[in-house]
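Worksheet: one structure, shown below.
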Amino acid sequence: MKYVFIAVAAAVVIAIRVSVFRIRRRRRAAGEHGREMDTERSAATRTRSRRRDLADSVHNLNRLGDVGTIAMREITERVRGRIFRVGTLVILVAVAAAIVIPALDKSSSKLTPQTVGVVGSLSPLARHVVRGVGSADQDSVTFVSEPSLQAAKADLLSGRVDFVIVDGVEILLDQPVTSSSSSIDTTLVENAATYLGVLEAYRTAGLTPAQIVHVVGAKPVAVHSLRPGSKSVARTTSVIGIVLLFVMLTQYCTWILIGVMQEKSSRVVEVLLATVRPIQLLGGKVLGIGLVALGQAVLVVAFALVVAKAVGSDLLHGTSTLVLLCELLWLVLGYAFYCWMYAAAGSMAERQDQVQTLALPLSIPILFGYIYSITALSSGHADLFFKVLAYVPFTAPFCMSVLVGLSQVAWWQFVASVVITIVGTAVMATVAAQIYRRAVLQTGARVHLRYLFGGKAAH
């Protein structure tokens, strides 16, 4: 049931984000249509003013460095945006629902009251055993002393008691437990009869009350396994982490894609590149949005832990700190790898329809890794192909997180995957910087791949 609630919460988050994105796109389109109705002179004035403000902000914040200045600009712009605040609120609500709903469902399953009449004597140990059996069967047992057997039978017929224990050696019922109209917990009666019979056998064998208590209170022997099993808590944490990773990668990488496209289409990038180098502009944008993503992830994790503690939920109870740190690390590594791809793609687009065309193929590896990881977590088993994908930078953020949650990876394998992903990120950043440097200033014509990798621009 936990996975169902988490999946539903993830679906709600994605659906709301898509709706917000569409509303924002309609408003932007309406705004662009309104701006087209303005005179060319006023449009040129606003453009020159915007470019002058951007250039002034870069010069005034040189104490932070070029990359730091651009990163601060991105952080300020994203955090102040309505889409960030609404999106963060939606994620927090979804996380709270995934934690609180199972806790409420668990608390709603209250114990069924069972009233037990007692005729004659019933030792404290026998009472303790019957109560223990009731608790195991989700029953709350209450004992009522009966003055005589006839009074107990009258209480049975009137429904005042559910069943009667006579001298600790007999159980009296109103009607057979197999009757469809019986309100008695069949399992409780059968288990109580079994344990009372065991206690009577101990007494008949001549054991003293102290010896009986010692035997009844015996602890089971330890059970060990040769292979460590996967803990359900770790698996639950991994599911939450995978969903969070998927949502944030798609959100923030799309932000980079749209942001680069907007700067190119509005020619703002020309002003920025007159002050900083392309790699500094791209690095500042990636760093700024990445810090916003990391901050939001830390906020969500802290919020989840606080809510789970407040409602007494065991959804994250016992979660290893190492598992949480692993999820945050792969969020950073996953973003660091994919953000360069989306930035390079954004430099090749000039219109919104081109963004949608580019975003689909870029999201295929993310979607594949997400679905495959959820499937592996649900089954609790990772096959050989899944383990191989844990070393591929495109799918490592998802697959390696799952292997950690399932306790099916050694420390050196984890380190190897991290190193491979970092090397892949460096290669991706180099290629993306070259594409960005060549494509971001090419407007009005299609950017050919031959030109991006060393050829001449097509006229």
Self-check item: Peptide ranges 147-155, 348-356 listed from the most packed, as the mean C-beta count within 10 angstrom indicates
Solution: 348-356, 147-155
Self-check item: Amide H within-cut-off set for Val144, under 5 Å, with H built and near neighbours excluded
Solution: Val116, Gly117, Val118
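Would you work out the charge dipole size for the range 111-214 about its Cα centre, treating the Cβ of every Lys and Arg as +1 and the Cβ of every Asp and Glu as -1, and quote it to the nearest 20 debye?
About 240 debye.
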Quiz item: If we count other beta carbons within 10 Å of each Cβ, what is the order of Glu327, Glu200, fewest first?
Solution: Glu200, Glu327
Quiz item: Counting alpha carbon pairs within less than 8 Å and at least 6 residues apart, what relative contact order, in whole percent, applies to the range 111-214?
Solution: 29
Quiz item: Projected onto the charge dipole of the range 111-214 (+1 at Lys/Arg Cβ, -1 at Asp/Glu Cβ, origin at the Cα centre), which of Leu188, Ile171, Ser123 gives the Cα projection farthest towards the positive end?
Solution: Ser123
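Readers should treat all values here as calculations from the given coordinates under stated rules, not as data from a laboratory. Everything quoted here is computed from the prediction, not taken from an experiment. So basically every Cβ, Gly included, is an ideal-geometry build from the backbone, and we count neighbours across all protein chains shown.
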